[in-house]
Amino acid sequence: MVKQLAIITWDAASAQLYASQVRDFFGGQVNTRCYSTQLQPDPVIEPADVYLVSTCAFADRDIGQLLPTGGPVVLSEVRVTREGLERLLAIPRNTRALLVNLNQSMATETIATLNQLGVTNIQFIPCYPGAPEPPHVPLAITTGERRFVPDWASEVIDLGPRLLSGSTFLELAHQLKCENTLDGPSFKEYLASLAEQSYGIEQMLQRSVQMESLFELFEQALDAGLIGVDGEGMIFACSPKAEDILGLPAQQLLERRVQQALPFLPFAESLSAQKAIHSRLVEIHGNPVSVSIHSFYRGRGSPTTFCVLQRFRDEERRQQKIRRQLLGKGHVTKYTFDSIIGDSPCMVAARQLARRMAASNASILISGESGTGKELFAHAIHAASPRAKEPFVAINCAAIPDALLESQLFGYEEGAFTGAKKGGHIGFFEAARSGTLFLDEIEAMSPMLQVKLLRVLQEKEIVRLGGVDVIHVDVRIIAASNVDLSAEVHSGRFRRDLFYRLSVLPLQLPPLRQRGGDVLLLLRRIQEGIGARFELSPAAAQRLLRHRWEGNVRELRNCVEYLAYLEKPLIEPEDLPVTLLAAEPQTPAAEPAQAAQLRRLAGDRLESYLFLLEQLAASRSLGRQALEARAATAGLALSQQNIRTMAAQLEQLGLVSIQKGRAGTCITPQGLELLAAMSQTGFHQAANW
């Protein structure tokens, strides 16, 4: 079976060269696909059996995020030819020379490779496109990149392109299950041509360099401070992170006895007991720091000891990231305050109050009928809060059985109950740590869980089911209920003390029937969301405005979806759902204050003004020409100039909004409320247009 090998390098030429070498040695047993991160920084890499990756391909980025899952990764090692190495070794000691390559990392890697091969007689100066102007030395050395050699270099030694090392081919053969292909003489000749280091002192030096490099990589990768102490008790390593935590530069610590330089760290205790110390809390400069100490013995000699320092808050962040990965993605907000539709006074007031509440860390209790947008407000409050970048976890207390709800909220340890996952499971309180936990339909929570929730709110601590460890949680609680919780308290079904803990900041959301013109605003937004195309006749619009909307926005969405299913361009009252027509309309509302002003302004032309409002209510927006045509159809003599004047007067009353350009004129929520109220109170009878 032919194997698939993906070759990922920084430059395309190197990828093609390596692919050619692979074909030479593996023949038809391996197919290659080449990728260049210079040409395409985020290449779409197809799945392969093995991935050969140049160390310069991804620089400081995470290779794992770009490679498909599965398939081992082989990091390429490169070499120059033995002939090229001999030319360099013949150059006089202390000669300065440019080392020219494609980029900084490749130039640095080539210098390191040559140094490991024993080229210590040349002082290399990295030179690459975009680098600062190097000194004008006469000698330039390059690995096949002569085009980047400065013009003023009088002598150029081109070592040829860097070739894959023998160890790289051996690793590829092992991973591709093609070891037998390297038994031929051609591969042995290739190895002989490379400047590979021999065994003995050179190999020991190379291994020392590799160990030092690994230690440096470990220091950089470890998100903690690292201190190394040798068998004599002398500090031989101190990472930058350790310097930051200790508040001391490494120069003041290296080659000093650890018990004198850092007496507050328990090195002596660990060495005397010959036991490791795990996660001991030590205060350093007033900050809690987690300290772990491990000693490594070789033979009967003194041990080498390492100390790992981790700030407590850094450890908390790291654990939080792990918790999110364990629990899975999706615990983020989906909505903001911009997602909340409505210009009615009661909705504007609720939105403004919620914005102020978002800045606080106190618990919020959102009350309102089902379908009024309680979860939408909870999302928006979290998104506008200082915790916006932390998790938002939502759970419906009525949708989960009580026994399961406890384990979901608090988590459980392995073996806590029959069917518990191996290793246990974190709960929503831990998943929401530092963020927000939204508890919808809180009234469905059992008395036992109410007691546990009250303790969490008071102590900010939880204990997993089947566990004994106390876990601190910093979580903001937003609870919601569609019943009157105070009545539940009086009836004894909800704890009074928990009610007061939850309702530090109470927020009452108005039902849709109290939001006036918001009904048509929401209807149009739902139309846009589902791609429905229909218009409402004035009579149908008024019937919707008078409906009680017991199901609030959910009922309105059902109505819009039903009307979209009819596929009629104009909806009349008789087209509305049967359930809506059969329902008792709302009691006529009091006449808005603008009605009296409109009557005074319009005089005997009130019908024409109301005609304009009705037409704008039935359409999203209309221009003067369209309004003139509709007026003529209705038997009203209105010119475009008449319509311009009337629209300007209606805008002064806040009943319409005149847009620039083709947007036309739109009716405002106040205009919709006035139109509906005048229709309900009999001030105007709608004509049949």
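Need pairs with beta-carbon distance below 6 Å; first residue over 15 Å from residue 241 (Cβ atoms) and modelled with pLDDT of 85 or more and within region 283-294, second among the hydroxyl-bearing types (Ser, Thr, Tyr) and surrounded by 12 or more Cβ atoms within 10 Å (Cβ to Cβ); sequence gap 6+ or separate chains.
Correct list of pairs: 293/270.
Any idea which residue in region 125-147 is modelled with the lowest pLDDT, counting only those that are part of a loop (DSSP other than H, G, I, E, B) and touching a Ser or Thr at 6+ places or on another chain (Cβ under 7 Å)?
Among those that are part of a loop (DSSP other than H, G, I, E, B) and touching a Ser or Thr at 6+ places or on another chain (Cβ under 7 Å), it is 143.
Go through region 69-99 residue by residue and tally those that are surrounded by 15 or more Cβ atoms within 10 Å (Cβ to Cβ), touching a Pro at 6+ places or on another chain (Cβ under 8 Å) and modelled with pLDDT of 90 or more.
Residues flagged as surrounded by 15 or more Cβ atoms within 10 Å (Cβ to Cβ), touching a Pro at 6+ places or on another chain (Cβ under 8 Å) and modelled with pLDDT of 90 or more within region 69-99 amount to 2.
Can you find, within region 355-370, the residue that is surrounded by the fewest Cβ atoms within 10 Å (Cβ to Cβ) among those that are charged (D, E, K, R) and in contact (Cβ under 8 Å) with a residue 12 or more places away in the chain?
Across region 355-370, the extreme among qualifying residues is 355.
Condition (residue is over 24 Å from residue 354 (Cα atoms), modelled with pLDDT of 90 or more, surrounded by 15 or more Cβ atoms within 10 Å (Cβ to Cβ) and of a type in the set (A, V, I, L, M, F, W, C)) applied to region 466-489: is it met by at least one residue?
Within region 466-489, one or more residues are over 24 Å from residue 354 (Cα atoms), modelled with pLDDT of 90 or more, surrounded by 15 or more Cβ atoms within 10 Å (Cβ to Cβ) and of a type in the set (A, V, I, L, M, F, W, C).
Are any residues in region 371-382 in a helix (DSSP H, G or I) and surrounded by fewer than 21 Cβ atoms within 10 Å (Cβ to Cβ), and if so, which ones?
The answer is 375, 376.
From the list 4, 40, 65, which residue is outside any loop (DSSP other than H, G, I, E, B) and over 23 Å from residue 170 (Cα atoms)?
Step by step, each of 4, 40, 65 is checked, and only 65 is outside any loop (DSSP other than H, G, I, E, B) and over 23 Å from residue 170 (Cα atoms).
Would you be able to tell me the number of residues in region 442-471 that are at positive phi and among the charged types (D, E, K, R)?
Of the residues in that region, 1 qualify.
For region 342-370, which positions are assigned to a loop (DSSP other than H, G, I, E, B) and either modelled with pLDDT under 90 or within 15 Å of residue 441 (Cβ to Cβ) (or both)?
342, 343, 344, 368, 369, 370
Every residue, every condition in (1) of a type outside the set (S, T, N, Q); (2) surrounded by fewer than 19 Cβ atoms within 10 Å (Cβ to Cβ); (3) not assigned by TED's automatic domain parsing to the domain that holds residue 72, yes or no:
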position: 132; (1), (2), (3): yes, yes, yes
position: 135; (1), (2), (3): yes, yes, yes
position: 142; (1), (2), (3): no, no, yes
position: 145; (1), (2), (3): yes, no, yes
position: 155; (1), (2), (3): yes, yes, yes
position: 176; (1), (2), (3): yes, no, no
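For region 318-331, state whether one or more residues are touching a Pro at 6+ places or on another chain (Cβ under 6 Å), at pLDDT below 85, surrounded by 17 or more Cβ atoms within 10 Å (Cβ to Cβ) and not assigned by TED's automatic domain parsing to the domain that holds residue 424.
yes
How many residues are assigned to a loop (DSSP other than H, G, I, E, B) and under 18 Å from residue 436 (Cβ atoms) when one looks only at region 383-410?
9
Can you name the number of the only condition in (1) surrounded by fewer than 19 Cβ atoms within 10 Å (Cβ to Cβ); (2) in a loop (DSSP other than H, G, I, E, B) that residue 448 fails?
(2)
Can you tell me which condition residue 210 does not meet? The list is (1) assigned to a helix (DSSP H, G or I); (2) modelled with pLDDT of 80 or more, and all the others hold.
(2)
Got at least one residue in region 342-354 being of a type in the set (Ser, Thr, Tyr) and either touching a strand residue (DSSP E or B) at 6+ places or on another chain (Cβ under 9 Å) or over 26 Å from residue 552 (Cβ atoms) (or both)?
There is no residue in region 342-354 that is of a type in the set (Ser, Thr, Tyr) and either touching a strand residue (DSSP E or B) at 6+ places or on another chain (Cβ under 9 Å) or over 26 Å from residue 552 (Cβ atoms) (or both).
In region 540-552, is there at least one residue being within 40 Å of the chain's Cα centre (by Cα), modelled with pLDDT of 90 or more and either more than 26 Å from residue 366 (Cβ to Cβ) or not in a loop (DSSP other than H, G, I, E, B) (or both)?
Among the residues of region 540-552, at least one is within 40 Å of the chain's Cα centre (by Cα), modelled with pLDDT of 90 or more and either more than 26 Å from residue 366 (Cβ to Cβ) or not in a loop (DSSP other than H, G, I, E, B) (or both), which makes the answer yes.
Limited to region 101-123, what total is found for residues that are in a strand (DSSP E or B) and under 19 Å from residue 82 (Cα atoms)?
Qualifying residue count, region 101-123: 1.
Listed here are the residues, each with its yes/no results for (1) part of a helix (DSSP H, G or I); (2) assigned by TED's automatic domain parsing to the domain that holds residue 517; (3) of a type in the set (A, V, I, L, M, F, W, C).
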| site | (1), (2), (3) |
| --- | --- |
| 597 | yes, no, no |
| 611 | yes, no, yes |
| 646 | yes, no, yes |
| 654 | no, no, no |
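Do you know which residues across region 92-129 are out of contact with any strand residue (DSSP E or B) (no Cβ under 9 Å at 6 or more places or on another chain) and within 20 Å of residue 55 (Cα to Cα)?
102, 103, 105, 106, 112, 116, 129
Residues 243, 232: which one is of a type in the set (D, E, K, R) and at pLDDT below 85?
None of the others qualify; the one that does is 232.
The values are calculated or read from the model by the stated rules, or taken from the named source; none is laboratory data. Just so it is clear, the model here is predicted, and its values are computed rather than measured. A quick note on method: Cβ atoms are made from the backbone with ideal geometry, for glycine too, and the neighbour counts reach across all protein chains shown.
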